[in-house]
1. Could you say which residue among B:Arg393, B:Arg354, B:Arg362 is within 23 Å of B:Val473 (Cα to Cα), touching a residue at least 40 places away in the same chain (Cβ under 8 Å) and exposed (fewer than 15 other Cβ atoms within 10 Å of the Cβ)?
2. Restricting to segment A:164-181, and then to whatever is buried (at least 24 other Cβ atoms within 10 Å of the Cβ) and closer than 16 Å to A:Tyr305 by Cβ, can you tell me which residue is modelled with the highest pLDDT?
3. Select from segment B:502-525 the residues that are charged (D, E, K, R) and either surrounded by fewer than 20 Cβ atoms within 10 Å (Cβ to Cβ) or farther than 23 Å from B:Lys562 by Cβ (or both) and write down the one among them that is farthest from the other protein chains (Cβ to nearest Cβ).
4. Out of A:Lys205, A:Lys215, I need the residue that is over 30 Å from C:Glu145 (Cα atoms), among the charged types (D, E, K, R) and away from every other protein chain (no Cβ under 14 Å). Which one?
5. Look through B:Phe586, B:Phe573, B:Phe553 and report the one residue that is among the aromatic types (Phe, Trp, Tyr), modelled with pLDDT of 95 or more and buried (at least 22 other Cβ atoms within 10 Å of the Cβ).
6. Take B:Pro218 and decide whether it is buried (at least 21 other Cβ atoms within 10 Å of the Cβ), over 30 Å from B:Ser614 (Cα atoms) and at pLDDT 95 or above.
7. If you scan segment B:258-284, which residues turn out to be farther than 30 Å from B:Phe333 by Cβ, more than 32 Å from the chain's Cα centre (by Cα) and part of a loop (DSSP other than H, G, I, E, B)?
Amino acid sequence: MSEKPKIAFYWCASCGGCEESIVDLAEDILEVAKLVEIVLWPVAMDFKRKDIEALADGEIVATMINGAIRTSEQEEMAHLLRRKSRVLIAYGSCAHTGGIPSLANQFSRSELMKYVYHDAPSVDNPESIEPVSAYQSATLPVFRDVVRSLDQVVSVDYTLPGCAPNPALVLAAVRALLSGDLPPKGSVLAPDVSLCDACPRIGSKPTELSIEAFKRAHLHPIDPDQCLLAQGFACLGPATRSGCGERCIRANMPCTGCFGPLSSVRDQGAKALSALTSAIGADSEDEIDRALDGIPDPVGTFYRYGLAKSMLRRKVDLATTTKN
Amino acid sequence: MEHEVHTNGKEEVRIGFYICHCGSNIGGTIDVAAVADYVRTLPGVVVSKDYKYMCSNAGQDMIVEDIEINRLNRIVVAACSPLLHEKTFRSATHKGGINPFFFHMVNIREHGSWVHEDKALATEKAKAVARGAVGRVRFHKALEKRKEPVTQSVLIVGGGIAGIQAAQTLSNAGKKVYLVEREPTIGGHMALFDKTFPTLDCAACILTPKMTDIGSDPNITLWSYAEVVDVKGYVGNFTAQIRHKPRYIKEDLCVGCLDCIDNCVFKQGNTDDEFNQSLSKRKPVYIPFPQAVPKLVVIDPEACTHLNGGKCEQSCATACERDAIDFNQKESFDDIEVGTVIVTTGFKTFDAARKPLYGYGRYDNVYTALEVERLVTSSGPTGGEVVLRDGRRPKTVAIVHCVGSRDHQTNRWCSRVCCMYSLKLAHLIKEHTGAEVFNFYIDMRCAGKGYEEFYERLLEEGNRFVRGRVAEVTDVPVSAEEEGKLVVKVEDSLAGFVRRIPVDMVVLSTGLEPRQDASNVRRMFNISCSSEGFFLERHPKLAPISTTTDGVFIAGCCQGPKDIPDTVAQAGFAAGEAMALLDKGFVEMEPMTSFVNEELCSGCKTCIGLCPFSAITRDDAKEVAVINPVLCKGCGVCVAACPSGAITQNLFEDCEIFAEIEEVLAHA
Amino acid sequence: MPNVFEPRILAFFCNWCTYTAADLAGVSRMKYAPTTRVVRVMCSGRVDPQFVLSAFAKGADGVLIGGCHPGDCHYLEGNTKFLRRFRMLKRMLADLGIEPERLRLEWISASEGDRLRTVVNEMTEQIRALGPLHMPAHFKEWDTEVLVEDLSHDREEEVGERV
């Protein structure tokens, strides 16, 4: 019997949604499972790090890593899996562009610790306990200053974008892997065209778009048929790859950009900002500023999933405290 | 030594870099040899040289030869502004056998040696920008200039002497001209004058025959009482919309018999006569002056009883044998296509009331020079009699120079014509009245053929000249001889004391200003203005009638104050440039237009509404945006806004600009 | 000479107004700080916010954009379209810790060579007071905490040439 190709799944700084998306393959996962041998999948199976270390370099055909890289442990696992895998796939927004976790790049480590262990409204920490990095013989991974995308730590062969990736794209990618019919390395495995291409509302988007004022989706009723931008909602669809199945749009919510930029764009947030604000229906500074007040958090709006991979990566004046 | 192979992903890049000393203009501040040495170390650079004058034939030949000998395929020249010599070096690049757009120019003179004093820092800056150019040029593509035919007609805006001269010159060459004039008649300011300096020939005698010729010239479509309201297109292919204001006269029926005027219910004028500077009244139905061209009457809707909804027997209409009066006439529009435009919209005179101490509007006997022009004209309101408003003849007259000129409180510039027209008026007033005439001047500026001689003649005629800027004109006497007079207070800067000179009449030699609506006009034609508001020429010396918009020329006082000879010369020059364009027959369009990469375009429509020229449409079958290259003017607004990075602007591609940014900053 | 910090200001000047104003300043031999590096664009409306971020990321201490006065744009209103982006960009960069003095938009017409000189000198002094931004050094410092494999931190090489 010829050996089944080995594959691995790993998670870093993530929410678990990406794991869920693999389960979402439903019966299709059985088809895949029959064809492969899963050597690592912490969320579902009990393999240890030493099992991976025992493999020969390049023995794993493909590894999918989701989550951003925030701790030294995640870095180590990324390096280990990179060494053991022929193909490394960044799975989901966090591995691709830093994702929601990389919004933490607006804050220093101490600010984060202070908030999470003391100031957050839900915290109950009467003794003001904070994590320590070592206790007796045990050590904790180092919490880094900077959140990174996977490709900012190891080289990545392919990317499955999305928060979380669409099951159809995942299945197509797995089948391509198994058949060996792969696109050029470095490809993002989703259509290289923006979401408007597939948007069911594109017909209602006016050619002379004029946004009087940006609106926040939770504060205003949303017409389920009209282009969201035409209604004044900051929809990032024009600046975001398609392939997601237009899930947010169909749920009557604006696109928030999780599929990341097109290949010819270097900074998704900057491009989204440019496309959206150019169409403001005001010419004077004051009127423009009023229209922009509907976007109170520009970083959170334009870099919701991609601050780590933005050109500036991080709030520029934050301290650096950890060293390798 | 063979150079290390450097590619841009498609081909081997072999860059030639040339830095110009420009004599000592650049070389005196920037260490050009050091820059050349530095650039030689950059990837892809095969040749790096400095040379005394790159724009000379020898400099250009060096590029041509190097392209062949070293198989160069990219050229960078660091010298003056690309606005000056980009064309020169593009053609040298082309002469060397490669596409002219494989060239980039670096400005190290206007933006470098001329504005920086620290030699070391200026040299470092030059290295950085040179590196930026080397970084970007590797991505340059071969581009072709598109040829477009030139519409064989010219629009001239403004029918003063400049517009008239340009129209005649073009017509003489057989060109089709549209001459659009806002007022009911052509002639402009010159038609107001009695005599012209320094020859004292009669303005009407030299102007009106030209005006009549224009009116009857089959090559010239004259539209007076009309305005250009919209201009679109580009050099060679402009479209303009002309609005015709209603004259309430059927222009094809009116023969200019003026019976209607005689039969108006108003037996006397009821409205200030604009042509006579409001020194007389005219009727609601009127002709600006007897020699008006076209010789058509106009009904002033503000002054006409019937058009104001009042009861009127409409005797003018009854009197017209040809039934030419049409009270229901509405404004109408014409759309025309022209190859080029000449803007000759003229000037306005300074509002003398802005210098309140000179008393204009307060004292009856303070006049502007234009009012006096009308007084000395035999066809004017007084039949050529220089008399005060109370009918007296002035025995002493003061002419105050530089009113609204050379004055930091109003206009700083010299209006150039006031000295000479003041001399002319001094002569004419003296001739008409025998009065003693004082000229109050700062400097006498009489540069021009026969001008200084005219000044001398005035001196010999016994005119008085007092050097000094007038402080005040007052009617408050301090002595018996000042009783009932206007007193001119001035510091006589030659005599060195303050004088009070009582006179009967004060003439204010007002300066020339841009017209109130100059900024609207220039925006419509997309031309710039200098800080004072006169239209800006492309180059003060070498392109004085061209503008930054190709195919739009300027002539006459809209470009700056000037006298009639200079205006006529400029108008002829503008006509010549327009003719050159028409006779060439085609224009080459700069290729820096934008295009859509259909594969990347999602059809999101972001770009469509942003295009100021409506050049972008959506192909609904392909669901992508399409840019019409004929309409695209290459601003790049759509490129910057395209959220897919699907639009490319030639010569300003993202990859070129990113490379330039990165490389410019890579030099520490 | 004392070792003073010479800011590096990347300047995007529109061809018709501000670039020409800079030419005029040159022809008039006005002197100003040698801190700008001018990238010519046809219109300020061509300035993509990505260019501004790229300039900062590649080491600019300040970014100056010069366009025609409102109403004077050679392309009707490209300057206004940039103004809309600029207002948002300015807010976003403030949130990312870039001081407002480092990003400036000025309308400078072709005849305002003196204005250009004033703006460059002013901006130079303001940035000199703030000190260097120098993002490449920040990136390097941030990455001392990790072992980075042999890979580049930006995708520019990948997308540099993609037509």
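The values are calculated or read from the model by the stated rules, or taken from the named source; none is laboratory data. Values in this document were obtained by computation on a predicted structure and should not be read as measured data. Don't worry about glycine lacking a Cβ; one is built from the backbone with ideal geometry, like all the others, and counts go over all protein chains shown.
1. Unique residue meeting the criteria: B:Arg393.
2. A:Pro165
3. B:Asp504
4. So the residue among A:Lys205, A:Lys215 that is over 30 Å from C:Glu145 (Cα atoms), among the charged types (D, E, K, R) and away from every other protein chain (no Cβ under 14 Å) is A:Lys215.
5. After ruling out the rest, the residue left standing is B:Phe553.
6. No: the conditions fail for B:Pro218.
7. Across segment B:258-284, the qualifying residues are B:Asn263, B:Val265, B:Phe266, B:Lys267, B:Gln268, B:Gly269, B:Asn270, B:Ser280.
Each row is one residue, and each column tells you yes or no for (1) buried (at least 20 other Cβ atoms within 10 Å of the Cβ); (2) of a type in the set (D, E, K, R); (3) over 30 Å from B:Met579 (Cα atoms).
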{"position": "B:Val297", "(1), (2), (3)": "yes, no, yes"}
{"position": "B:Glu302", "(1), (2), (3)": "no, yes, yes"}
{"position": "B:Arg322", "(1), (2), (3)": "no, yes, yes"}
{"position": "B:Asn328", "(1), (2), (3)": "no, no, yes"}
{"position": "B:Ser332", "(1), (2), (3)": "no, no, no"}
{"position": "B:Val338", "(1), (2), (3)": "yes, no, no"}
